[in-house]
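Here the structure is laid out as structure tokens; the discussion comes afterwards.
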Amino acid sequence: MAKYDSIVIGSGINSLVAAAMLSKSGRKVLVLESRNEIGGLASTIEFAPGFKCNMVYDTVKWIDPRVLSKLKIESQGFNIIHSDIRRIALGKRDEHIVFHNSSQQTADSISKLSENDAANWKEFISYIKKLTRFLEYLYKLTPPELPKIGFSDALSMSSLLKPFMKHGTQGIVDLIRTAPMMMPEFMDEWFEWLDKDSYINESTLFFDSNDLKELYESGKS
């Protein structure tokens, strides 16, 4: 019977990265997947005969630069393609929202349903990007091993203060307040929801606000 140093359950993106990293370090790795294809939540599913799409993770917005470097992914031809139109949210009575890479074009589309929401869109995107940059920096830091903290570990923890100092008191307050919030509650603070029977619901804006999905996933993990 073959022996392995590490066994990875599932073949989603994170699992494959973990397996590749372990293999790079010289370990013998076995990846187990119950389905006939890999990819996990990022895999393509045929939801109706002849129609396929990525049902959950349909875009790649950010990859840890350390992963790109360690696995030399870019040298293998990897390239993130950014289309002009990110998504189209279909509403009733032809009241659709087209989400572009351009926040102004997206606001123009939203304005057909609500001038106030269109006016808030740019500020909303700016607010979310500030929070996600903050989380991105924290994500790159390797936390110390508790409770065994030596003097060198204590010194290295000083790097944790950098993002806090850079974003100031208000940035810290915004992050602590926003990350634990439920999506509908947070969105209601920014947008008016008009007639629910005719307007695109909160989840549409939530998953198309560029970085908000990553913010919530990072904040709740």
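The table below gives the values:
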item	result
Test: residue in region 151-172 that is modelled with pLDDT of 65 or more and in a loop (DSSP other than H, G, I, E, B)	no
Among the residues listed as Asp64, Asp58, Asp5, the single one being outside the structural domain of Tyr139 (by TED's automatic domain parsing), surrounded by 12 or more Cβ atoms within 10 Å (Cβ to Cβ), of a type in the set (Asp, Glu) and in contact (Cβ under 8 Å) with a residue 60 or more places away in the chain	Asp64
Subset of region 50-73 (residues that are in contact with a Leu (Cβ under 6 Å, 6 or more places away or on another chain) and farther than 20 Å from Asn101 by Cβ)	Val56
Residue that is modelled with the highest pLDDT [pool: residues in region 114-134 that are surrounded by fewer than 18 Cβ atoms within 10 Å (Cβ to Cβ) and among the hydrophobic types (A, V, I, L, M, F, W, C)]	Ala119
Test: Val98 is in the same structural domain as Ala118 (by TED's automatic domain parsing) and either hydrophobic (A, V, I, L, M, F, W, C) or modelled with pLDDT under 85 (or both)	yes
Considering residues of region 1-15 that are part of a loop (DSSP other than H, G, I, E, B) and more than 22 Å from the chain's Cα centre (by Cα) only, the residue modelled with the lowest pLDDT	Met1
Residue match in region 114-127 (condition: of a type in the set (Lys, Arg) and either outside the structural domain of Val8 (by TED's automatic domain parsing) or part of a helix (DSSP H, G or I) (or both))	yes
Residues of region 170-187 that turn out to be exposed (fewer than 11 other Cβ atoms within 10 Å of the Cβ) and of a type in the set (A, V, I, L, M, F, W, C), as a count	2
Top-ranked residue in region 8-26 [being exposed (fewer than 13 other Cβ atoms within 10 Å of the Cβ) and not polar (S, T, N, Q); ranked as farthest from Leu71 (Cα to Cα)]	Ile9
Some residue of region 198-207 being outside any helix (DSSP H, G or I), in the same structural domain as His100 (by TED's automatic domain parsing), at positive phi and at pLDDT below 65	no
Pick from region 99-113, criterion touching a strand residue (DSSP E or B) at 6+ places or on another chain (Cβ under 8 Å), part of a helix (DSSP H, G or I) and touching a residue at least 12 places away in the same chain (Cβ under 8 Å), ranking: surrounded by the fewest Cβ atoms within 10 Å (Cβ to Cβ)	Ser109
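Per-residue answers, yes or no, for (1) of a type in the set (Phe, Trp, Tyr); (2) farther than 28 Å from Leu135 by Cβ; (3) not in a loop (DSSP other than H, G, I, E, B):
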position	(1), (2), (3)
Val17	no, no, yes
Met21	no, no, yes
Gly26	no, yes, no
Arg35	no, yes, no
Phe47	yes, yes, yes
Val56	no, no, no
Ser69	no, no, yes
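The values are calculated or read from the model by the stated rules, or taken from the named source; none is laboratory data. As the structure is a computational prediction, the values presented were derived from the model and not from experiment. Glycine gets a Cβ as well: all are built from the backbone with ideal geometry, and neighbour counts include every protein chain shown.
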